[in-house]
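Quick notes on the structure that follows.
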Amino acid sequence: MKKGDITYKSPMAALLWSFALPGFGQFYNRDYFLGLVLVSWEILINLYSNLNIALMHTFHGDFQTAHDIINYEWGLFYPSVFAFSLWQAYNKARAITYRYEHQEELRKVYHTGLFFGLTAGMTIGLTTHHLYQVKGLQFLAVPVYSGLFFGIVGGVLGHLIEKCAEKWRERNSRQSEH
């Protein structure tokens, strides 16, 4: 599927590749330098934050060890690298696809609120996990689960805020035309 030198790229495939490992979506989009930078950051952050070891302990139910083993100074970089990789790969693939179909550049970016909310939520969950000792919600006391939970909540809220802002902007632009 080629039109000239532009090849169709699936935004969902780029997103899923970046979800598997930050930087892989960039490789999929043939953005090799940024992909290499993000994969390097992923490896560096995982190595110094002990994130993979904490994940292993979390999945085995050893939550206290998971909490104790994470280096939070390095772990707090992960939400930003992860969300940026997802956002950039998705939007780059959309731009490539738009250029493939319309032979012109796409100027709009998509789902910025979702990915900003994901970053903020994951960071909040990671930094405040020790505060959640609520009966029935003990899983929130684990940094991995609280980061994921608040990342999803933050992503949904960010997406809703972005949609409301877009509607407000459209309504104001229509009113200013009349």
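Read-outs throughout are calculated quantities, based only on the coordinates presented, and are distinct from any laboratory measurement. Please read these numbers as outputs of a predicted model, since none were measured by experiment. All Cβ positions, glycine included, derive from the backbone under ideal geometry; neighbour counts span all protein chains shown.
Within the shell defined by Cβ-Cβ distances under 9 Å, the residues around Lys92 carry a net charge of +1, with Lys and Arg each +1 and Asp and Glu each -1. For the chain, the alpha carbon positions stretch 55, 43, 23 Å along the principal axes, listed from largest to smallest. The phi-based Karplus calculation (6.51 cos²θ - 1.76 cosθ + 1.60; θ = phi - 60°) puts the 3J(HN,Hα) values of segment 34-42 at 4, x, 5, 4, 5, 5, 4, 4, 4 Hz, whole numbers, x for Gly and Pro.
Please identify every one of the GluC sites (Glu not before Pro) in segment 72-178 that sits in a loop by DSSP and has no more than 16 other beta carbons within 10 Å of its own beta carbon.
Sparse-neighbourhood loop GluC sites (Glu not before Pro): Glu104, Glu105.
Computed from phi, the 3J(HN,Hα) profile of segment 54-69 under the Karplus parametrisation 6.51, -1.76, 1.60 (θ = phi - 60°) reads 5, 4, 4, 5, 4, 5, 8, x, 8, 5, 5, 5, 4, 5, 6, 7 Hz, with x in place of Gly and Pro. For segment 4-54 versus segment 78-143, the spacing of their alpha-carbon centroids is 13 Å.
Extending 7 Å from the Cα toward the beta-carbon at both Trp168 and Thr65 defines two label points whose distance is 4.8 nm.
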